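Shown next, in structure tokens, is the structure this report addresses.
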């Protein structure tokens, strides 16, 4: 947008057209300020979009894991826990292994010979997520996922992202645990 100003030239007595240097500098300052504000706004929009996409992926993985874990616990009748990072769910014809590797959880269901192919799933989560599973004496298994803390030194407890509590053998009609 250019402003055209007519001014009387005292030497020649004619009108001259154009803009002064001060007007040009003011217009360039305003335009560069608007350009800078638009660039910052676009950068912040991309950053926010990226964080929201990451949070959405994390949430989708949590929901997928909770559904799969609950279904697996309901289909099996016993549990073995070799360590804090490995959980094995067993029934007569089924064996499902869960393992923790950093911020990822891996689910492995070896195929029965001749029947099916092995199934391996990996649930990827934000770095710094904390996992815990526990088995109580009444055949209940609890899976807890705590979210990563931005500033872990503040002394606050980690907020829980997911708590799944499921009963072993719930879908097995012959199991005493399923009642």
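The values are calculated or read from the model by the stated rules, or taken from the named source; none is laboratory data. On a predicted model such as this, the values are computed, not experimentally measured, just so you know. Here the Cβ positions follow ideal geometry from the backbone for every residue, glycine too, while neighbour counts run over all protein chains shown.
Scanning the stretch 72-84 for residues that are without any contact (Cβ under 8 Å) to a residue 40 or more places away in the chain and surrounded by fewer than 18 Cβ atoms within 10 Å (Cβ to Cβ) yields 80, 82, 83.
State all residues of the stretch 1-25 that are in a helix (DSSP H, G or I) and at pLDDT below 95; if no residue qualifies, say none. First the steps, then the outcome.
Taking the stretch 1-25 as the starting set, the residues that turn out to be in a helix (DSSP H, G or I) are 21-25.
The answer is 21, 22, 23, 24.
For residue 162, the requirement of being in contact with a helix residue (DSSP H, G or I) (Cβ under 8 Å, 6 or more places away or on another chain), closer than 25 Å to residue 56 by Cβ and either modelled with pLDDT of 80 or more or surrounded by 15 or more Cβ atoms within 10 Å (Cβ to Cβ) (or both) is met.
Does residue 82 meet the test of being at pLDDT below 85, over 16 Å from residue 162 (Cα atoms) and not in a loop (DSSP other than H, G, I, E, B)? Before the answer, list the steps.
Values: at pLDDT below 85: yes; over 16 Å from residue 162 (Cα atoms): yes; not in a loop (DSSP other than H, G, I, E, B): yes.
It is true that residue 82 is at pLDDT below 85, over 16 Å from residue 162 (Cα atoms) and not in a loop (DSSP other than H, G, I, E, B).
Name every residue in the stretch 55-79 that is in a strand (DSSP E or B) and within 16 Å of residue 165 (Cβ to Cβ), in order of residue number. Passing the criteria: only 79. If you take the residues in the stretch 165-179 that are in a loop (DSSP other than H, G, I, E, B) and surrounded by 16 or more Cβ atoms within 10 Å (Cβ to Cβ), which one is modelled with the highest pLDDT? Restricting to residues being in a loop (DSSP other than H, G, I, E, B) and surrounded by 16 or more Cβ atoms within 10 Å (Cβ to Cβ), the top hit is 168. Would you confirm, using the coordinates I've provided, whether residue 105 is in contact with a strand residue (DSSP E or B) (Cβ under 7 Å, 6 or more places away or on another chain) and within 17 Å of residue 162 (Cα to Cα)? Considered against the rule, which asks whether it is in contact with a strand residue (DSSP E or B) (Cβ under 7 Å, 6 or more places away or on another chain) and within 17 Å of residue 162 (Cα to Cα), residue 105 comes out as yes.
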